[in-house]
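Visitor: The structure is given below, and queries will be raised subsequently.
The values are calculated or read from the model by the stated rules, or taken from the named source; none is laboratory data. Everything numeric here is computed off the predicted structure, so don't read it as measured data. All Cβ positions, even for glycine, are placed from backbone atoms using ideal geometry, and neighbour counts span all protein chains on display. Side chains included, ligands, DNA and RNA excluded: accessible areas come from the protein's heavy atoms. Shrake-Rupley method; radii C 1.70, N 1.55, O 1.52, S 1.80 Å.
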Amino acid sequence: LLADGAFYAQLMQMKEPYLDGHEGEWLTEPEELEKYADFFWKRDYRIHVHANGDKGVEKTLETLEKLQRDNPKEDHRFTFHHLGYTDKDQVQRMATLGAHASIQPYYVYALSSKYSETGLGKERAQNISPVGYLIDNDIVTCFHSDFFMAPADPLTLMWVAVNRKSIDGKTFGRELRVSPWEALKAVTINGAFHLNQEHHIGSIEIGKKADFVILDKDPLKVDAEDIGDIKVLKTVYEGRAFPQ
């Protein structure tokens, strides 16, 4: 489902006004979003909601709160998708409600410096894509590229989340950085979890598909700044290695 507008277009719905006074857009009006979510919730679908700004996240949280109040579920796997900007209190509410997160960390690299000058301002730009809040609250978090919005390169997404460097080399939200281990989980087992495939893929163990990559360096041992430079030597998929 879709809540508010795109982060790259600055059409995400924000609680506080944009610097230039423009407003975000709803892709689905909150009342309609609630109706759609209720329809799928009652039919036991796993619901993912595109929510980018803190106002979009707020309305999505209100929807989840109502769903849980009217028809409570334990392992519902309701997932917030993108999470371009959200605050610590909202993340704590997500954790309380049992929600999960599929976040786009590349926003930090591509947009933090520009948005600190245009639209959001310096303070809000520090908290773009706050992966650290999610990890601190034990929310199962995976990364996605939203290709073409970011490179379809898991190691690049890891590098951004671990370093939180912008395109001009500045660090934004230093306290929101995550460990290489948490970033690695976000592009492997946690990604499988969000696809409801964690029993089949996402980690190497007996009984799972033997799909994996061979890297030229260990992302858990190299300097954090070098994670994005790691090369994939081979990909093993369904028992075959590529390139052969």
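Visitor: Just one of the numbered conditions (1) in contact (Cβ under 8 Å) with a residue 24 or more places away in the chain; (2) acidic (D, E); (3) open to solvent by less than 80 Å² (accessible area, probe 1.4 Å) is not true of E238; which one?
Guide: It is condition (3) that E238 fails.
Visitor: Give me a count of the residues in the stretch 1-60 that are part of a helix (DSSP H, G or I) and in contact with a helix residue (DSSP H, G or I) (Cβ under 8 Å, 6 or more places away or on another chain).
Guide: 11
Visitor: When the stretch 23-49 is examined, which residues are found to be open to solvent by 50 Å² or more (accessible area, probe 1.4 Å), in contact (Cβ under 8 Å) with a residue 40 or more places away in the chain and out of contact with any strand residue (DSSP E or B) (no Cβ under 6 Å at 6 or more places or on another chain)?
Guide: Of everything in the stretch 23-49, just one residue is open to solvent by 50 Å² or more (accessible area, probe 1.4 Å), in contact (Cβ under 8 Å) with a residue 40 or more places away in the chain and out of contact with any strand residue (DSSP E or B) (no Cβ under 6 Å at 6 or more places or on another chain), namely R46.
Visitor: With the checklist (1) modelled with pLDDT of 95 or more; (2) surrounded by fewer than 17 Cβ atoms within 10 Å (Cβ to Cβ); (3) among the small types (G, A, S) in hand, flag the one item A161 doesn't pass.
Guide: (2)
Visitor: Report whether or not E74 is open to solvent by 10 Å² or more (accessible area, probe 1.4 Å), of a type in the set (D, E), over 22 Å from T156 (Cβ atoms) and at pLDDT 95 or above.
Guide: no
Visitor: Among (1) within 12 Å of the chain's Cα centre (by Cα); (2) more than 19 Å from L195 (Cβ to Cβ); (3) among the polar types (S, T, N, Q); (4) surrounded by fewer than 19 Cβ atoms within 10 Å (Cβ to Cβ), where does T171 come up short?
Guide: (1)
Visitor: Anything in the stretch 77-133 that is over 22 Å from L67 (Cα atoms), surrounded by fewer than 24 Cβ atoms within 10 Å (Cβ to Cβ) and among the β-branched types (V, I, T)? List them, or say none.
Guide: Of everything in the stretch 77-133, just one residue is over 22 Å from L67 (Cα atoms), surrounded by fewer than 24 Cβ atoms within 10 Å (Cβ to Cβ) and among the β-branched types (V, I, T), namely T118.
Visitor: Still on this structure, please answer the following. Pick from Q68, Q92: which is in contact (Cβ under 8 Å) with a residue 24 or more places away in the chain and either aromatic (F, W, Y) or within 30 Å of K170 (Cβ to Cβ) (or both)?
Guide: Criteria check complete, one pass: Q92.
To keep it simple, each residue is scored yes or no on (1) part of a helix (DSSP H, G or I); (2) surrounded by 17 or more Cβ atoms within 10 Å (Cβ to Cβ).
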residue	(1), (2)
E175	yes, no
G202	no, yes
D226	yes, no
L233	no, no
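Visitor: Inside the stretch 115-152, can you point out the residues that are over 21 Å from V57 (Cα atoms) and in contact (Cβ under 8 Å) with a residue 40 or more places away in the chain?
Guide: T118, A150, P151
Visitor: Report, by residue number, each residue of the stretch 208-224 that is open to solvent by 50 Å² or more (accessible area, probe 1.4 Å), closer than 14 Å to G239 by Cα and over 24 Å from the mean Cα position of the chain (by Cα).
Guide: Hits for the stretch 208-224 are K209, A210, I214.
Visitor: Name the residues in the stretch 114-148 that are closer than 15 Å to N52 by Cα, in a helix (DSSP H, G or I) and in contact with an Asp or Glu (Cβ under 9 Å, 6 or more places away or on another chain), would you?
Guide: Residues satisfying the conditions are R124, A125, V131.
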